[in-house]
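The values are calculated or read from the model by the stated rules, or taken from the named source; none is laboratory data. Treat the numbers as computed from the prediction; the structure is a model and nothing was measured. Cβ atoms come from the backbone with ideal geometry, glycine included; neighbour counts cover every protein chain shown. Heavy atoms of the whole protein, side chains included, go into the accessibility calculation; ligands, DNA and RNA do not. Shrake-Rupley method; radii C 1.70, N 1.55, O 1.52, S 1.80 Å.
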Amino acid sequence: MEENLIKRLMTSIKCGVCGQRYDVDNIDVLGHREDLWFLRVVCLSCHTQALVAAVVKEDRLPEVITDLTEAELDRFRDVGVLTADDVLDMHNFLKDFDGGFFRLFSQK
Ligand SMILES: [Zn+2]
């Protein structure tokens, strides 16, 4: 699927902190595995940066699996043990994701 289409679909997703819808310009497509897409989003309104995992199919709205703010991601990384299965899946994905993901987040 085209990344531009993914971005357009993701504008239906709202910021988990303030409820503002994400703007196409503030969505970065990081990668995908089949229908599971990983994106980095920045909220226009409250400037929260989040990592979103969503199942995106052309014929329906994206289904957000998890969205983690940068701070939450740091916390999970420190703890090392996750309870929620979906987050664990995402963690496993990220481990396979050529390591680039956490590098993205460690860039200040
Ligand atoms: Zn926000």
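Measuring from a point 7 Å past the Cα of Asp74 along Cα-to-C-beta, which residues in the stretch 21-64 have an amide N at less than 19 Å?
40-43, 46-52
Put Leu44, Leu5, Leu61 in order of accessible area, largest first, 1.4 Å probe: what do you get? Please list the in-between numbers first.
Numbers: Leu44 90, Leu5 45, Leu61 120 Å².
Correct descending sequence by accessible area is Leu61, Leu44, Leu5.
Rolling a 1.4 angstrom probe over the protein chains, ignoring ligands and nucleic acids, what is the accessible area of Asp67 in square angstrom, nearest 10?
60 Å²
Grab the Cα-Cα distance for Leu36 and Gln49, subtract it from 0.36 nm times how many residues apart they are, and report the gain in nm with one decimal.
Details: separation 13, 0.36 × 13 = 4.68 nm, distance 1.95 nm.
Length gained, Leu36 through Gln49: 2.7 nm.
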